[in-house]
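Beneath this line is the structure, given in structure tokens, with notes to follow.
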Amino acid sequence: MFRSRSKENQSSPAAETAAEEEARIRDPQAPKGRPTPKRSEAEALRKASARPPADRKEAARRAREARRRAMEKQREALVTGREEFLPHRDRGPVRRFARDFVDTRWHVAEYFLIYAIIILVLSMVPGQQPFALLLWMGIILAMIADWVALRFRLKRALNERFPNESHKGAFPYALMRTLQVRRLRLPKPQVKRGESPR
């Protein structure tokens, strides 16, 4: 009754600490922001971190297991496209865009092995050698023209999409991808032909 209002308005440090603690405690129904690890992964991680290796054989065994797990995750990422487990050369938004840019179009070099087999068969047929040679030269010129067009289109698209990032190595990366048959490319294509790159 006779206390001053300024003292009433001041909150004690203990009350503030209790309020912060309440805010920090997560609601059990709220999402935690990360996927729940598999039981086998959680057990393996717990066992590995529980105690240091007893000898060199144990350390080598643990290193082999860690490498095997990393390779499994990498193989899975090459199929699903998960960025964090991809090999270093395939990571980053620029490389992902270059992959998608190639995967959304048809390319002459994609069927290079089929052309080579056809030309080889034609060259063994008597009287067809000149035609096989002309066909070979035509395919080579078509591949070069396709690569030149790819270079200009990809460079323009990267400058529009990623103006402040380095594009170093993006074109050779895309060019090597055009030499692979679509279904055999790794990482697997994540877009269909005709779609826009992500």
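Below are the figures for this structure:
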{"read-out": "Net lengthening on full extension, residue 116/residue 128 (0.36 nm per residue, minus Cα-Cα)", "value": "2.8 nm"}
{"read-out": "By accessible area with a 1.4 Å probe, ligands and nucleic acids excluded, highest first: order of 147, 136, 106", "value": "106, 136, 147"}
{"read-out": "Prolate/oblate/rounded label for the stretch 104-148 (Cα gyration tensor, a/c 1.5)", "value": "oblate"}
{"read-out": "Extension reserve of the residue 160-residue 40 stretch, reckoned as 0.36 nm per residue once the Cα distance is removed", "value": "38.7 nm"}
{"read-out": "The stretch 151-175 and the stretch 67-144: distance between their alpha carbon centers, rounded to Å", "value": "19 Å"}
{"read-out": "Subset of 57/168; 38/168; 38/188 violating a 31 Å alpha-carbon distance limit", "value": "57/168; 38/168"}
{"read-out": "Heavy atoms of residue 55: accessible area, 1.4 Å probe, square angstrom to 10", "value": "80 Å²"}
{"read-out": "Radius, Kirkwood style, for the stretch 63-160 when every pair of distinct Cα atoms is counted (Å)", "value": "16.8 Å"}
{"read-out": "For the stretch 104-198: accessible area per residue (Å², 1.4 Å)", "value": "67 Å²"}
{"read-out": "Full-stretch length increase - residue 180, residue 79 - with 0.36 nm per residue and alpha-carbon distance subtracted", "value": "34.8 nm"}
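The values are calculated or read from the model by the stated rules, or taken from the named source; none is laboratory data. This structure is a prediction, so every number in the text was calculated from the model and none was measured. Heads up: the accessible areas ignore ligands, DNA and RNA and are worked out on the full protein's heavy atoms, side chains in. Shrake-Rupley method; radii C 1.70, N 1.55, O 1.52, S 1.80 Å.
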